[in-house]
Amino acid sequence: MALPDYVLAVGIDRYPGINTLYGAEADAQAFYDWATGLAGAVGEIILSSQFPAAGATILEEPNSQRIWMFFQTLLAAAEANSQQ
């Protein structure tokens, strides 16, 4: 059976050590809304504003592990689907 289309939208406006950016989160939200609405995809949105600011750069979220977890979940769904 075919899996639905999946989307991952990531918007990071807050980077440690540089000025706050404006627009990345709005762009990610607009793309996510389009992909999950009009295009009917299933997915996840990750925004820097979803996480509290960390005191140290290494602890700042979102990090690559959040993105990796999305793809691991997608891979598990594809593997389960291929078993059917």
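The values are calculated or read from the model by the stated rules, or taken from the named source; none is laboratory data. Everything numeric in this text was worked out from a predicted model, so none of it was measured. Don't worry about glycine lacking a Cβ; one is built from the backbone with ideal geometry, like all the others, and counts go over all protein chains shown. Quick note on the areas: whole protein, heavy atoms, side chains included, nothing else; ligands and nucleic acids left out. Shrake-Rupley method; radii C 1.70, N 1.55, O 1.52, S 1.80 Å.
Per residue, the chain exposes 68 Å² of accessible surface when a 1.4 Å probe is rolled over the protein heavy atoms with every protein chain present. Just to confirm a number: summing +1 for Lys and Arg and -1 for Asp and Glu over residues other than A53 whose beta-carbon lies under 11 angstrom from that of A53, what do you get? That works out to -1. Relative to the Cα centre, the charge distribution of the chain, modelled as +1 at Lys and Arg Cβ and -1 at Asp and Glu Cβ, gives a dipole magnitude of about 120 debye. Distance between the modelled labels on S64 and A41, one decimal in nanometres: 2.2 nm (7 Å Cα→Cβ projection). Shown for the chain: the carbon plus sulfur share of the solvent-accessible area, taken with all protein chains present and a 1.4 angstrom probe, equals 60%. Using a Gaussian network model of the chain in which every pair of alpha carbons under 10 angstrom is joined by a spring, one finds that among G23, G55, G43 the greatest mean-square fluctuation is at G55. Ranked from largest, the principal axis spans of the Cα set of the chain equal 48, 28, 15 Å.
Between G40, G23, L74, the Cα set farthest toward the positive side of the dipole of the range 4-84 (charges on each charged residue's Cβ, about the Cα centre) is that of L74. Maximal additional length on extending the A78-D13 stretch stands at 20.2 nm, based on 0.36 nm per residue less the C-alpha distance.
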